[in-house]
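Below you'll find the structure, written out as structure tokens, and then a few comments.
The values are calculated or read from the model by the stated rules, or taken from the named source; none is laboratory data. Everything numeric in this text was worked out from a predicted model, so none of it was measured. Cβ: placed from backbone, ideal geometry, glycine included. Neighbour counts: every protein chain shown. The area values use the complete protein model at the heavy-atom level, side chains included, leaving out ligands, DNA and RNA. Shrake-Rupley method; radii C 1.70, N 1.55, O 1.52, S 1.80 Å.
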Amino acid sequence: MLQQSSPLLPALAPESIADWARSELAQAIKRSAPLLVPVEALEQLHWKDLSRAPILVQVDEPTYDQAIDLLNAGATALVVPATSPVLDELEESVRASRIVVTVTEDRAAPSHKDTAGVLVRCAGTPNAASAQRFLDAMQTKVCGKPVYLQSSAPVSLDEVKAVHASGATLVVPTTQLSLDGSKLDYVDALLCALVSDREDGLFPTVVVAEPLSTSLGLVYSSAESIRASLTTGSAHYQSRKRGLWHKGATSGATQNVVRVVLDCDEDAIEFQVEQHAGEQAVGFCHLTDRASCFGSLRGLAKLEQTLRARKASAPPNSYTARLFNDAGLLGAKIREEAQELVDAQDPAHVAFEAADLLYFALAKCIQSGVGLADIEHSLDTKSMKVTRRKGDAKPAYAAAPTPAPAAAPKAPAPVDPAAPIRLPVYRLSETSPAQQVELLKRPGIRTNEVLERVRPILSAVRSRGDAALQEYTAKLDRVELASNVRLPPFQTDADRAAMDPAVREAIDVAYGNILRFHQAQGHVAPEVAPPADAASAQWVPHAGLREVMEVETMPGVVCTRFPRAIERVGIYVPGGSAVLPSTALMLGVPAQVAGCKTIVLATPPRADGSIAPEVLYVADKVNVSCIVCAGGAQAVAAMAYGTESVPKVDKIAGPGNQYVTAAKMLVQNEVDAQVSIDMPAGPSEVLVVADDQAEPAFVASDLLSQAEHGPDSQVVLVGIALSAERLAAIEEAVDAQARALPRVDVVRQAIDKSVTVLVASRGEAMQWSNRYAPEHLILHTADPEALVPLVENAGSVFVGAWSPESCGDYASGTNHTLPTYGYARQYSGVSTSTFQKHITAQRLDAPGLRKLGPHVVALAECEGLEAHANAVRVRLQHLAKQPAP
């Protein structure tokens with residue numbers, strides 16, 4: 001909760017922010033007081049510049065998503081107008097702890113139950129009288145909720161004292177503050193309320209180590225020593241015997257000042273420090289072997305000290321040295337202790353196993369250069385996260401109570417390598433409706449968790465462009481690039497030499513087939529095509545009448561529909577360790593056929609920063625404008641928003657992992673992004689319909705071709721009146737072929753989430769298929785063509801034993817970017833039209849308007865839209881003055 005903590009609230013002025021952030025004044029404020037920052041300044045002042053400092057972000061017109069993003073990014077509180085609609089959208093607990101409202105001094109004071117504080121804008125010089133009714137409403141003297149007073153008038157030290165004495169806090173622009181006395185002295189203002197009950201005027205000071213707030217000692221401070229600490233960042237205290245005391249100047253056990261905090265009575269101080277060991281002392285105490293004046297460290301603080309010492313001095317080849325140098329050993333110990341903690345039952349055993357796990361977990365941290373202070377900071381950051389609204393109705397209007405959260409998943413059971421790889425079998429006639437619903441479900445995707453991880457990535461790339469893109473490429477793709485963008489021509493001589501000629505020929509064949517199929521998609525039926533000499537036949541310059549549809553809906557009324565390419569499109573090609581030229585073809589060819597002027601291809605780079613030469617070859621063939629060497633949400637963000645080097649696109653297409661999908665879905669819902677997507681996507685899937693004539697080896701191979709995609713892929717076999725012998729033959733083929741695959745472990749996980757459904761008839765099989773709505777539907781039956789008219793929901797259909805799904809994935813000509821996870825009910829796969837929009841036109845002649853016009857007037861008048869009616873009426877009146885033809 002936000003608390004009244006200092007006599008003044010510095011407010012960052014927007015000018016010269018970057019220079020100001022590096023100034024001594026900025027560092028002094030960061031170590032001792034909250035800072036009020038306008039939201040527009042955050043684009044220049046990165047969050048890392050504000051690390052661990054209380055930040056109040058002022059936003060005049062916040063949206064809900066912006067408010068949540070800022071709070072999740074680490075803002076202590078948001079300062080928003082009391083009339084902002086976002087207050088009604090945020091949860092009550094968030095408003096009461098993280099939202100400060102702004103009002104003018106003539107307005108009613110908000111309740112302390114509704115907000116974390118109030119900022120009062122005063123017309124003149126703020127004074128105690130201005131604050132009193134707001135202090136009463138906020139119950140500042142009881143609960144500490146702050147009342148800030150702000151005006152445009154210059155502020156004096158006496159005014160800071162007077163307002164603070166009343167219980168309120170003055171907002172002071174940083175442009176009015178200094179450390180050299182040229183303006184209002186910041187340290188004088190900070191300490192103006194500090195009092196001492198000692199004859200020597202010193203202030204008792206508690207010194208604590210930043211991790212765990214471990215008490216190191218009790219010392220004394222003066223205004224001089226506090227000033228030195230804040231301006232230098234190195235701890236200074238006031239010795240009662242020696243005067244100003246720079247801690248560690250002799251022993252080497254110096255302290256970095258993290259934060260200086262005044263206590264609630266303003267007669268004592270806490271110094272939060274990062275303690276260093278020196279050559280003559282291990283810590284704060286003058287006794288050289290004690291880290292604290294109150295004795296040795298204990299618990300986690302002691303463990304961290306011990307592990308650091310062991311890492312530095314462990315004998316070669318000792319167990320301790322192996323623990324820090326052998327990542328495999330340390331990882332195995334962490335997993336072992338985690339499982340033992342899971343299995344522990346009684347309290348003593350739980351505590352014992354938890355201690356062991358903490359030991360090895362902290363060893364991992366020390367090995368990686370991470371300490372308890374870093375862990376605490378991460379925990380503090382997580383505690384600042386707020387829950388997004390679910391979109392549910394308020395309790396008074398809810399139709400039913402919210403269901404209880406699902407139980408935590410159990411740890412997976414060990415896998416027996418000898419166990420058969422077999423799909424669970426269900427007979428449809430013996431399953432209840434509830435069981436059928438469960439069988440239709442896909443493996444779960446942690447949608448909310450993924451969305452929350454993706455939002456800050458999108459926000460960072462949107463605000464910081466190429467810099468954020470490069471940071472996330474280094475962090476997530478694990479490649480540091482001087483630039484994330486490559487321009488054509490993409491293939492170098494080395495790339496061409498690296499390509500297998502057989503692969504080049506295969507790409508050329510696939511390209512030709514895909515090109516022909518997607519070019520044909522624009523053709524319209526002859527009966528609705530315009531005459532060759534009609535003006536509308538030329539409305540699609542690159543294709544002519546083939547793509548123009550024209551219908552005379554009534555005499556003299558001609559309606560036309562014609563396509564236009566989406567000007568700028570982005571295509572996402574998964575990559576990294578994988579080589580997927582097929583996806584580049586499936587996305588690039590239809591964009592090329594559609595006539596898109598700008599095609600941006602995003603794909604994750606390989607470990608050495610390069611892109612697979614096969615993908616580069618395709619990029620050249622389909623006339624890609626530039627390649628973004630990045631993957632994941634950061635690549636989607638770069639294309640959706642644009643950066644200094646990445647062109648902004650109007651539509652993004654292509655498959656990807658759950659983070660890519662989440663990013664696509666988020667950006668398409670942002671009004672300002674102005675970007676659409678092809679479709680949502682999930683793990684790959686196939687449904688195979690097989691009867692007793694199906695070849696078991698073919699059926700098994702088709703099931704496994706999708707199961708190898710990933711552990712969340714799902715394959716479904718729908719058996720039509722299968723004999724026990726035929727089912728057993730298919731199961732044996734699945735097991736034998738799976739064990740021969742290099743990704744057998746992945747296949748086994750996918751098969752465990754898959755199912756065989758046995759039905760009695762072809763009609764039942766197609767009903768089940770339509771309910772499932774598969775990405776890929778394969779028909780292994782007698783007379784498979786007769787089943788195609790029964791298909792209602794599917795991404796792509798593979799008809800007959802000689803039509804393996806792999807052909808559609810690579811080279812038959814159809815597109816392999818298809819709707820998954822049941823979205824085949826409402827989405828189509830990628831096609832030429834994915835990269836087009838269609839525009840309609842209408843032409844009426846005078847006789848046509850005479851016939852249609854009265855009906856339009858009647859409908860417009862019915863809807864009360866008089867101007868609509870009048871636009872027709874004035875023309876009819878004009879025609880009435882002319883003789884009828």
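Dipole magnitude of the range 658-756 about its Cα centre, charges +1 at Lys/Arg Cβ and -1 at Asp/Glu Cβ only, in debye to the nearest 20?
200 debye
How much length is gained if the chain between Val509 and Ser368 is pulled fully straight, taking 0.36 nm per residue apart and subtracting their Cα-Cα distance, in nm to one decimal?
This chain segment gains 45.8 nm when fully extended.
Each residue of the range 54-59 in turn: what ³J(HN,Hα) in whole Hz from Karplus with 6.51, -1.76, 1.60 and θ = phi - 60°, glycine and Pro shown as x?
x, 10, 9, 9, 8, 10
Please report the accessible area of Tyr220 (heavy atoms, 1.4 Å probe, ligands and nucleic acids excluded) in Å², nearest 10.
Accessible area of Tyr220: about 40 Å².
Could you tell me whether the range 156-278 comes out rounded, prolate or oblate from its Cα gyration tensor? Rule is a ≥ b ≥ c as square roots of the eigenvalues, rounded for a/c under 1.5, then prolate if a/b exceeds b/c, otherwise oblate.
Since a/c reaches 1.5 and a/b is larger than b/c, the shape of the range 156-278 is classed as prolate.
Once the piece of chain linking Asp752 and Ala494 is laid out straight, how much longer is it, given 0.36 nm per residue of separation minus the C-alpha distance between them? Before the final figure, lay out the partial values.
Numbers: separation 258, 0.36 × 258 = 92.88 nm, distance 4.36 nm.
Full-extension gain reported as 88.5 nm.
7 Å from Cα along Cα→Cβ at both Arg478 and Lys311: what's the point-to-point distance in nm?
Calculated label separation equals 2.0 nm.
Relative to the longest principal axis of the chain, what angle (0 to 90°, nearest 10) does the C-alpha long axis of helix 632-641 take?
80 degrees
Quick one: length gained pulling Gln842 to Ala467 fully straight, 0.36 nm per residue minus the C-alpha distance?
130.2 nm
Using a simple spin-label model with points 7 Å from Cα along the Cα→Cβ vector, what separation in nm is obtained for Ala434 and Arg564?
My value for the distance between the label points is 5.5 nm.
Per residue of the range 421-435, in order, report the coupling 6.51 cos²θ - 1.76 cosθ + 1.60 (Karplus, θ = phi - 60°) as ³J(HN,Hα) in whole Hz, putting x for Gly and Pro.
So the Karplus estimates, Gly and Pro as x, are 8, 9, 6, x, 10, 10, 9, 4, 5, 10, 9, 7, x, 5, 5 Hz.
Accessible area per residue for the chain in Å², computed with a 1.4 Å probe and the full protein assembly in place, what is it?
With all protein chains present, the chain gives 49 Å² per residue.
Counting only protein heavy atoms and a 1.4 Å probe, tell me what percentage of the range 622-779's accessible area is made up of carbon and sulfur.
Looking at the range 622-779 in its full context, I get 51 percent from C and S.
Between Tyr186, Ser318, Leu362, whose Cα lies farthest towards the positive end of the dipole of the chain when Lys and Arg beta carbons carry +1 and Asp and Glu beta carbons carry -1, centred on the Cα centre?
Tyr186
Place a point 7 Å from Cα of Asp136 in the direction of its Cβ. Which residues in the range 85-108 have their backbone N less than 20 Å from it?
103-108
Calculated FRET efficiency, His523 and Ser701, Cβ-Cβ r, R0 35 Å, to nearest 0.05?
0.50
So, R0 is 30 Å and r is the distance between the beta-carbons of Asp356 and Ala607; what FRET efficiency does that work out to, to 0.05?
It comes out at approximately 0.30.
Arg107 to Glu552: FRET efficiency via 1/(1 + (r/R0)^6), r the Cβ-Cβ distance, R0 45 Å, to the nearest 0.05?
After rounding, the FRET efficiency stands at 0.10.
Which percent of Cα-Cα pairs in the chain sits in each 20 Å bin, short to long?
The percentages, shortest bin first, are 11, 31, 34, 19, 5, 0.
Could you pull out the pairs from Lys475/Lys753; Lys302/Lys382; Lys333/Lys475; Lys161/Lys241 whose alpha carbons sit more than 28 Å apart here?
As for pairs spanning more than 28 Å Cα to Cα, those are Lys475/Lys753; Lys161/Lys241.
Would you give the gap between the C-alpha center of the range 764-807 and the C-alpha center of the range 291-348, rounded to a whole Å?
Going from one Cα centre to the other spans 57 Å.
Please report, in debye to the nearest 20, how large the charge dipole of the chain is about its Cα centre when each Lys and Arg carries +1 at its beta carbon and each Asp and Glu carries -1 there.
1000 debye
Please work out the C-alpha center-to-center distance from the range 81-153 to the range 475-534 and express it in whole Å.
For the range 81-153 versus the range 475-534, the Cα centre distance is 59 Å.
Once both axes come from the Cα atoms, what is the angle between helix 724-739 and the longest principal axis of the chain, in degrees from 0 to 90, rounded to 10?
In the chain, helix 724-739 runs at an angle near 50 degrees to the longest axis.
How far is helix 581-594 tilted, in degrees, relative to the longest principal axis of the Cα atoms in the chain, given as a value from 0 to 90 rounded to the nearest 10?
The helix 581-594 is inclined about 70 degrees to the chain.
Once neighbouring chains are kept in place and the probe is 1.4 Å, which whole percent of the accessible area of the range 801-885 is contributed by carbon and sulfur?
59 percent
So which aspartates and glutamates can Lys441 reach, going by Cα to Cα under 20 Å and dropping same-chain residues fewer than 8 places off?
Glu430, Glu449, Glu685, Glu708, Asp712, Asp752, Glu764, Glu775, Glu792
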